[in-house]
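The values are calculated or read from the model by the stated rules, or taken from the named source; none is laboratory data. Small disclaimer: the values here were computed from a predicted structure and weren't measured. Here the Cβ is made from the backbone with ideal geometry for all residues, glycine too, and neighbour counts use every protein chain on show.
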Amino acid sequence: MTGTPTSDGKARRVFGGVELRAADGVILATLVLFSLLAVGFRAAVEGWPLLVGKNAVVAVAVLVSAAVMPRVRRPVVAFFLRTATVSLSYAYLFGAVASLQLILHGRFQDDLVLAFEAWLFGVQPTLWLERFVTPPLTEWMMFCYVIYVPLYPVLCAVLWVRRGRAAAEEYFLALGLANVLCDAGFILFPVASPMYWMADRFSIPLDGWLFTWVGELIRTHTHFAGGSIPSPHAAAATVMWVMAWKHHRPTFWLLSPVVLSLYVSTFYGRFHYVTDAVFGIATAGLAVVLTPLVQRVWDRLAGAGPDASAECSYAPTFGR
């Protein structure tokens, strides 16, 4: 096991010839943790052997991708391979945590969230917002909610092209930390979400057009009871916004109305409670703060010397 600094100034941890970056480390460590939890709480985890097996397959896929990356000579291919590996791994982790959510509490805690929001607001915000529901507003909210998915690779492309791979890797790491912190939240304080806990209390349908249809498709085919607090949508969108501010200011301003509306869309669209969105934003803030610390720890583990950054072809210059 060795470590080497790279042309973008970020060290790679080398396992048997496979060079790994910090985002890979986050993914692999989370897969190991999920597997240990599945085995340790197997009485409460339905289908735990299958979960462990799928975790192993994803880990192998990440290692294979990392092994192939140094041999890829075409920048476009390298970009797509790296982005697909990281993005799909984060999506997998979101689904993998579903069966682990109740290992500590044994039940969802929505009643506590509802009681807190009733005390704080005097109403349930997701129900109160029904008075403002219209097809045009719903379509805009659903657009902001679903555009989050393609924003993952699009923002990566902007950072990769405009600021270099180091900026993209920083983005990947921050997203990974935000996702993993959200996954931990699902286990520590499991919440089913309004669409599962109180679906019968909504009386106004969310009618719209194309993006509303896509949003409902996501609700039907990718969501599950739980995965609610902190809101991964709010967390990841905040990370995207911060990385855009740091590395490419025009993209930040372009994203601003979308991100701000996305926060509201999480509870307007009945996917989350207001509390989920607030904790999602706070989780992203923690992830952004932890990102440079985790990168420094990774660089040290990889054996990068103090002059590794001097070899970097990318030097951060904010505000471009």
Test: residue in region 114-130 that is surrounded by fewer than 12 Cβ atoms within 10 Å (Cβ to Cβ) and touching a residue at least 12 places away in the same chain (Cβ under 8 Å): yes
Top-ranked residue in region 131-164 [being surrounded by fewer than 15 Cβ atoms within 10 Å (Cβ to Cβ) and not aliphatic (A, V, I, L, M); ranked as farthest from residue 269 (Cα to Cα)]: 162
One residue from 156, 182 being within 20 Å of residue 239 (Cβ to Cβ), assigned to a helix (DSSP H, G or I) and at pLDDT 95 or above: 182
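The rows are residues; the columns are (1) at pLDDT below 95; (2) among the aliphatic types (A, V, I, L, M).
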residue	(1), (2)
164	yes, no
190	no, no
195	yes, yes
203	yes, no
209	no, no
219	yes, no
245	no, no
248	yes, no
261	no, no
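Tell me, please, whether a residue that is outside any helix (DSSP H, G or I) and at pLDDT 95 or above can be found in region 301-309.
Step one: of region 301-309, the residues outside any helix (DSSP H, G or I) are 302-307.
Restricting the remaining residues to those that are at pLDDT 95 or above gives none.
Among the residues of region 301-309, not one is outside any helix (DSSP H, G or I) and at pLDDT 95 or above, which makes the answer no.
Can you tell me which residue in region 70-106 is nearest to residue 23 (Cα to Cα), limited to those that are part of a loop (DSSP other than H, G, I, E, B) and under 24 Å from the mean Cα position of the chain (by Cα)? Break it down into steps so the answer makes sense when it comes.
Here is the first cut: in region 70-106, the residues part of a loop (DSSP other than H, G, I, E, B) are 72-74, 101-106.
With the extra rule that they be under 24 Å from the mean Cα position of the chain (by Cα), the set shrinks to 101-105.
Values: 101: 23, 102: 27, 103: 26, 104: 27, 105: 30 Å.
Among them, the one singled out is 101.
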